[in-house]
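These notes are about the structure you will find just below.
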Amino acid sequence: MTRVLNAFNHPATLLVLLGLAIGFPFVAGNEYQVYVMALAFVWAIAVYGLNIITGYCGQLNLAHGGFFAIGAYAVAILTADHGWNFWAAFAMAGVFGALFGLIVGAVSLRLKEHYFAIFTLCVGFIIYMLLDKWEALTHGPLGIISIAPPDGFGVVDFTQTRPFYYLVLGCLCAAVFFTRRLSNSLLGRTFRAIRISDDLAQSLGINLMRNKILAFVISTVYAALAGGLYSGVVRFIGPDIGNFMHTFDMIAYLLVGGIGTLMGPVIGTLIITWLTQAVQSLEEYRMIVFGPLLVVLVIFFPKGIAGSFQAWRARRNATARVSNETGRTPPSQADTSETAQPSATTSASAPTGHGTRGHSNA
Amino acid sequence: MLEINGLTKQYGGLTAVDNVTTSFERGAINAIIGPNGAGKTTFFNLVAGAARPTAGEIRFEGNDIAGMAPDAIARAGIARTFQTTMLFEESSVLDNLIIGHRLRTGSRLWDVLLHTPRHRRAEAACRDKAAEVLDFVGLSAIGDRMIADTSQEERKRIAFALALATEPKIVLLDEPAGGVNPGETDGLVALIHKMVKHDITVCLIEHKMDMIMSIADRIVVLDHGAKIADGPPNEIRNDPAVIEAYLGAEHAEA
Amino acid sequence: MDALLQQLLNGLTLGSIYGLVALGLTLVYGILHVPNFAHGALYMIGAYVAYYVAGELGASYWLAMIAAAIIVAALAVACERLVFHPLRHAPPIHDKIAAIGLLLFFEAVVQMYWGADFRRLEAPSSSIFYFAGLTLPAQRVLIIVAAFALMGALHLYLKKTLAGSTIIAMAQNREGAFLVGINANRVAMMTFAISGALAAVASTLFAPINLVYPAMGHLVLLKAFVIIILGGMGSIPGAIVGGLIIGFAEALGGFYISGDYKDIIAFALLVAILSIKPTGLFSQGVR
């Protein structure tokens, strides 16, 4: 039963989506569309990070764009100013993401709800200010040009759009894969227990700080690595990448797709990216549409696309189940003990149903 | 097994729990009663570590646990339920219980990402435990049901199950029969007796006097944060201080 | 010595503005427990309304200020009715996200209409007073006087009038307020109206010194948040004292340490304080 309601997370669905993504460059009208798609994938990876701390763990991190910027600048500075190779710089971006995540998390996660959101908003702003003002390191408002592209392997040349597209796609798949593992695991359940209630989680023996910091650091590593890829594809960055608009963009992607769901980040990112592309004039004033969209979503559709779909399937299944139950009264003991002890085959898909809900109204 | 000595909690100038000394015996059903605002829930919070005592000690199996973090206290073997338990509304009953046993397992981030045997064992242990406690509280039949579709009484049982999944030596139940009708209350009483039979000490806060008087082995009465009586039900029933406290409270409210 | 006094005066000016903005933010937080991220946008819109009325319609500065206060108050009430009221029982991150949505929307609308250019709102008087070696531009004097007059008026309103005391009652005890029959909807609307008007007046006062542009609310909003965290979320005296602390810290820090990084001072202070005391400086452990 759980298998049905996890249509979005089922390996078969994921493989179909992957197939579509692999085929995309061949059906795309031009290179530009492939480039747009690659950029959307980069953002989606960062949104996966946001999903872990905000969607699963319930802490609204408003510095997420700042960590993206840290990753982007790490790659930019190391390759352009210090002559590092892209891959080494990319790895360092992840290390910086983890390091800064650890430091910021250790302070900010002691704060609850509003305090945490406001604090991280300020952290995001400090990061932006430093990028803008610390000219010796970041070149200030001029930004950094001549960022090294990812080094190719043999005939694969990542300065060309298609190979880069597949590189980013590979990274996105890794992000989805790890998120899926996490979501299905006891760790994912731990994060969600914290989202429901700090008190409940602690009463179950969960160490709040350790787990929140873990979720936070995982999310900042995602963001920083995505930022690193961004530098590799755009190859020019300025302090504007640290503007908190980018954090808000990512929140919009996450909400549209479905907060706390496995496929929500990629669905939301792709939909909004292509909608924005479809209405070119929207780019600059996209917030006239996004702003009210965010408001309408949280009021009327807080689960987003993936979340609403899953809730609908879950409800339909539950109704079917109840009518089944009433059909054969009383439920036999043998039947229940079978469901209570999950076999190896169902354990892969069973827990995802748990993990991929949007915010319940509890 | 739980000895409390001079336990005090002050918020600003307000004393919520005032120098309470008592002890709870292994294998007994202990009840804490008192008028509204007597400090019962604060008392639980202190024992469970959700609030830090201003003074006093809490000895659990000989060790002072006062001021320890709630998660450490849970690992030491004290579980609690809340007046209202928040659960994942849209996932199944069984699914909600799996996390309850995590504290007894050890698996780290790398185990999760690499799907090591250790993590698989931990998962299996949690699932088995979830099924076991679900069976214990008599809800095996609805393990697949969405939480949103469960009744108030079923939720109470699920909350018990979640607490039991942590393998506690003592459980603190905050209004276990609150919002549940009299017929269902009997079922919950039977479940509480079953816990005791399985060597789990029970400590509960309840407003339903009939229920308390029938199941408690021992009752501690709090009023304005201070202990005013402590003893078996028939003693408490006739204690003038207790009658005074309850009547006084009623007069004040009227 | 004169330089120090001059900086203290600048700090007082800044602190007055920050205090007004933080007051509105803290009132709304006290009633609804929502950190209203859209408050910075209300501040910005106030300046644009004043700019439009005074600069484009040619009305007087004072009329522009009144118009800004009324329009922004109405806008704030509309936000409460249409957005925050429906979300009052939603999970805690939803109202914050909605507030961010409002912020982005307002900014985009203003930018579409007026563009991203910097605009100047003329001060009602350009005279400059000289006093004991200090330079006192009239607008700075006006800011300080007006801000403290407004704070005094607000204090009287909250303490001496029935309507004001319902706000205090609800901020202190929601359930109790319902029991004694306070109309929660009316109090919420009133609070938003006051907070919007305060923001509009603050920005109209500050605009002649600091220019008018769509992103002008960002820093002010962030600093107002720092202030109310410093002063205790929901505390009225805390907002005023916190505003002055940040104002002085910025003026002195900007002068003696680094002008480039003066905007970071407030946040550095926040980080330092929250690292030591996660519930803020003056919080009393409740909530």
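The values are calculated or read from the model by the stated rules, or taken from the named source; none is laboratory data. Small disclaimer: the values here were computed from a predicted structure and weren't measured. Cβ: placed from backbone, ideal geometry, glycine included. Neighbour counts: every protein chain shown. These accessible areas exclude ligands, DNA and RNA; they are computed on the full protein's heavy atoms, side chains included. Shrake-Rupley method; radii C 1.70, N 1.55, O 1.52, S 1.80 Å.
Which of the residues belonging to segment B:93-111 are among the aliphatic types (A, V, I, L, M) and at the interface with chain A (Cβ under 8 Å from one of its Cβ atoms)? Quick ask: steps written out before the conclusion?
Narrowing segment B:93-111 to residues among the aliphatic types (A, V, I, L, M): B:93-94, B:97-99, B:103, B:109.
Within segment B:93-111, B:Leu94, B:Ile98, B:Ile99, B:Leu103, B:Leu109 qualify.
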Go through segment A:180-191 and give me each residue that's more than 7 Å from chain B (Cβ to nearest Cβ) and either within 16 Å of A:Glu113 (Cα to Cα) or free of Cβ contacts under 8 Å to residues at least 60 places away in the same chain (or both). A:Phe191
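Okay, residues lined up against (1) among the aliphatic types (A, V, I, L, M); (2) in contact with a Ser or Thr (Cβ under 9 Å, 6 or more places away or on another chain):
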residue: B:Ala161; (1), (2): yes, no
residue: B:Asp174; (1), (2): no, yes
residue: B:Val189; (1), (2): yes, yes
residue: B:Ile192; (1), (2): yes, no
residue: B:Lys197; (1), (2): no, no
residue: B:Thr201; (1), (2): no, no
residue: B:His207; (1), (2): no, no
residue: B:Ile212; (1), (2): yes, no
residue: B:Ile215; (1), (2): yes, no
Among the residues of segment C:203-218, is any within 11 Å of chain A (Cβ to nearest Cβ), at pLDDT below 90 and either part of a helix (DSSP H, G or I) or open to solvent by 50 Å² or more (accessible area, probe 1.4 Å) (or both)? yes
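Considering each of C:Glu107, C:Glu122 in turn, give the residue that is among the charged types (D, E, K, R), surrounded by 12 or more Cβ atoms within 10 Å (Cβ to Cβ) and more than 10 Å from chain A (Cβ to nearest Cβ). Give the steps one after another, and end with the answer.
Numbers: C:Glu107 fails: more than 10 Å from chain A (Cβ to nearest Cβ).
After applying the criteria, what remains is C:Glu122.
For every residue, the table says whether it meets (1) modelled with pLDDT of 80 or more; (2) under 19 Å from A:His246 (Cα atoms); (3) touching a Gly at 6+ places or on another chain (Cβ under 8 Å).
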residue	(1), (2), (3)
A:Met129	yes, yes, no
A:Trp134	yes, no, yes
A:Leu137	yes, no, no
A:Gly140	yes, yes, no
A:Gly143	yes, yes, yes
A:Ser146	yes, no, no
A:Gly152	no, no, no
A:Val155	no, no, no
A:Thr161	yes, no, no
Being assigned to a helix (DSSP H, G or I), farther than 14 Å from B:Ala161 by Cβ and either among the small types (Gly, Ala, Ser) or touching a residue at least 24 places away in the same chain (Cβ under 8 Å) (or both), is that true of even one residue in segment B:76-95? yes
With respect to the numbered conditions (1) outside any helix (DSSP H, G or I); (2) more than 7 Å from every other protein chain (Cβ to nearest Cβ); (3) open to solvent by less than 70 Å² (accessible area, probe 1.4 Å), which one is the sole condition not fulfilled by B:Ala124? (1)
Every residue from segment A:14-59 that is crowded, with 24+ Cβ neighbours inside 10 Å and in a loop (DSSP other than H, G, I, E, B): A:Cys57, A:Gly58, A:Gln59
For segment C:81-88, state whether one or more residues are at the interface with another protein chain (Cβ under 8 Å from one of its Cβ atoms) and buried (at least 18 other Cβ atoms within 10 Å of the Cβ). yes
From (1) touching a Leu at 6+ places or on another chain (Cβ under 8 Å); (2) modelled with pLDDT of 90 or more; (3) open to solvent by less than 20 Å² (accessible area, probe 1.4 Å), pick out the condition that doesn't hold for A:Thr190. (1)
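Just to verify a result, which residue in segment A:263-295, among those that are hydrophobic (A, V, I, L, M, F, W, C) and in contact with a Phe, Trp or Tyr (Cβ under 7 Å, 6 or more places away or on another chain), is farthest from A:Phe177 (Cα to Cα)? Full working, then the answer.
Filtering segment A:263-295 down to residues hydrophobic (A, V, I, L, M, F, W, C) leaves A:263, A:266-267, A:270-272, A:274-275, A:278-279, A:282, A:287-290, A:293-295.
Applying the additional criterion that residues be in contact with a Phe, Trp or Tyr (Cβ under 7 Å, 6 or more places away or on another chain) yields A:263, A:272, A:287-288.
Working: A:Met263: 11, A:Ile272: 23, A:Met287: 32, A:Ile288: 34 Å.
The selected residue is A:Ile288.
If we keep just the residues of segment A:201-212 that are open to solvent by 30 Å² or more (accessible area, probe 1.4 Å) and part of a helix (DSSP H, G or I), which is nearest to the other protein chains (Cβ to nearest Cβ)?
A:Gln202
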B:Ala31: over 30 Å from B:Met213 (Cβ atoms) and either surrounded by 17 or more Cβ atoms within 10 Å (Cβ to Cβ) or not assigned by TED's automatic domain parsing to the domain that holds B:Val242 (or both), yes or no? no
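Whether any residue in segment C:123-140 is more than 19 Å from C:Ile71 (Cβ to Cβ) and among the β-branched types (Val, Ile, Thr) is what I want to check. Reasoning before the result, please.
Going residue by residue through segment C:123-140, those that are more than 19 Å from C:Ile71 (Cβ to Cβ) are C:123-140.
Imposing the further condition that a residue be among the β-branched types (Val, Ile, Thr) reduces the set to C:128, C:135.
Among the residues of segment C:123-140, at least one is more than 19 Å from C:Ile71 (Cβ to Cβ) and among the β-branched types (Val, Ile, Thr), which makes the answer yes.
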Whether any residue in segment A:70-85 is in contact (Cβ under 8 Å) with a residue 12 or more places away in the chain and either within 12 Å of chain C (Cβ to nearest Cβ) or closer than 22 Å to C:Leu274 by Cβ (or both) is what I want to check. yes
Can you tell me which residues in segment B:64-84 are crowded, with 21+ Cβ neighbours inside 10 Å, at the interface with chain A (Cβ under 7 Å from one of its Cβ atoms) and out of contact with any Asp or Glu (no Cβ under 9 Å at 6 or more places or on another chain)? B:Asp71, B:Ala74
Note: among A:Val289, A:Val233, A:Val296, just one is open to solvent by 10 Å² or more (accessible area, probe 1.4 Å), part of a helix (DSSP H, G or I) and more than 9 Å from chain C (Cβ to nearest Cβ), namely A:Val233
Yes or no: segment C:71-85 includes at least one residue that is in contact (Cβ under 8 Å) with a residue 60 or more places away in the chain, out of contact with any strand residue (DSSP E or B) (no Cβ under 7 Å at 6 or more places or on another chain), within 22 Å of C:Ala215 (Cβ to Cβ) and of a type in the set (Val, Ile, Thr). yes
Subset of segment C:269-287 [under 22 Å from C:Leu252 (Cα atoms) and at pLDDT below 75]: C:Leu281
Checking A:Arg110 against (1) away from chain C (no Cβ under 14 Å); (2) at pLDDT below 95; (3) open to solvent by 10 Å² or more (accessible area, probe 1.4 Å), only one condition comes out false. Which one? (1)
So how many residues does segment C:160-197 have that are modelled with pLDDT of 85 or more, open to solvent by 20 Å² or more (accessible area, probe 1.4 Å) and in contact with a Ser or Thr (Cβ under 7 Å, 6 or more places away or on another chain)? 0
Only one of (1) at pLDDT below 90; (2) within 22 Å of the chain's Cα centre (by Cα); (3) crowded, with 16+ Cβ neighbours inside 10 Å fails for C:Ile66. Which number is that? (1)
Given the conditions (1) surrounded by fewer than 17 Cβ atoms within 10 Å (Cβ to Cβ); (2) in contact with a helix residue (DSSP H, G or I) (Cβ under 6 Å, 6 or more places away or on another chain); (3) under 15 Å from C:Leu42 (Cβ atoms), and given that C:Ala224 satisfies all but one, which numbered condition is not satisfied? (1)
So which residues in segment A:129-166 are open to solvent by 30 Å² or more (accessible area, probe 1.4 Å) and within 10 Å of chain C (Cβ to nearest Cβ), if there are any at all? A:Leu130, A:Asp132, A:Lys133, A:Trp134, A:Glu135
Helices (runs of 4 or more DSSP H) within segment B:136-254 that include 1 or more residues crowded, with 20+ Cβ neighbours inside 10 Å, at pLDDT 90 or above and outside the structural domain of B:Phe43 (by TED's automatic domain parsing): B:152-165
